[in-house]
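Report on the following structure.
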């Protein structure tokens, strides 16, 4: 059966996982409305509050519209940008998540894989994003998902033909932990394997879309240093839309 995402599932999840932020914004606008109704404000203060309201509404509105485009209307989750990847029936594939997996079933379907190893590196003591905790409660991982540690992944050397990290690796906020994690990925991946990373970057398009929220992402410069320190090279870098980057890694630049 073909797996289909619900209408506006992406932007709805963003609101659900970060409801506290939107609750604060809504409370502010309600307070602002009653302030204008009850208190006679000096013109300058009233104009400043009105201007601030427009700025806040614009920033929040733009971020939600961009999110709807990226996750719901751009067909990102069709993964058509991965069509060049081909795997045989014996290929060993892993999809690693940060506590919230909405892609393994789609990857398995798209690549006609009998099995895909689903790995979860989330550690509530280290990865403290409240949005991830809420996502895990709303969408529990499959019982088949293997819990792993970023510093020690329980697979032998040269095991995987491909490893996917889709909107997951940036949740490792410690640079030291992130490097160690990629060193482990290098160890468990075959010589001609593909490591496919899908991420937002801390760049101009994402700043225009998410304002200060873009600080949650990492710069391309930071990613490159992490890859170099774990003996990976970028063999391909593409953008399925202006806000999302797909980075293909390989050991020492070997072409898969």
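I need 195, 148, 62 ordered by Cβ neighbour count within 10 Å, fewest first.
Going from sparsest to densest Cβ surroundings: 62, 148, 195.
Sort 223, 19 by Cβ crowding within 10 Å, fewest neighbours at the top.
19, 223
Taking the Cα centroid of the stretch 178-256 and of the stretch 87-151, what is the distance between the two, rounded to the nearest whole Å?
Centre-to-centre distance over Cα atoms comes out at 18 Å.
Running a GNM on the chain with Cα contacts under 10 Å, which residue among 56, 45, 132 ends up with the highest mean-square fluctuation?
45
At 222 nm, what helix-only mean residue ellipticity would the chain give, in deg cm²/dmol to the nearest 500, using -39500 (n - 2.57) for each DSSP H run of four or more?
-12500 deg cm²/dmol
Could you please rank 30, 14, 49, placing first whichever residue has the fewest other Cβ atoms within 10 Å of its Cβ?
Least to most surrounded, the residues fall as 30, 49, 14.
Is the stretch 105-256 best put as rounded, prolate or oblate by its Cα gyration tensor, with a ≥ b ≥ c the root eigenvalues, rounded for a/c under 1.5, and otherwise prolate when a/b is larger than b/c, oblate when not?
rounded
Take the Cβ-Cβ distance between residue 216 and residue 40 as r, set R0 to 41 Å, and report the resulting FRET efficiency rounded to the nearest 0.05.
Given R0 = 41 Å and the Cβ-Cβ separation, E is 0.50.
Taken together, the values in this text are just the output of simple stated rules run on the coordinates, not laboratory data. Note that this is a predicted model, so its numbers are computed, not measured. All Cβ positions, even for glycine, are placed from backbone atoms using ideal geometry, and neighbour counts span all protein chains on display.
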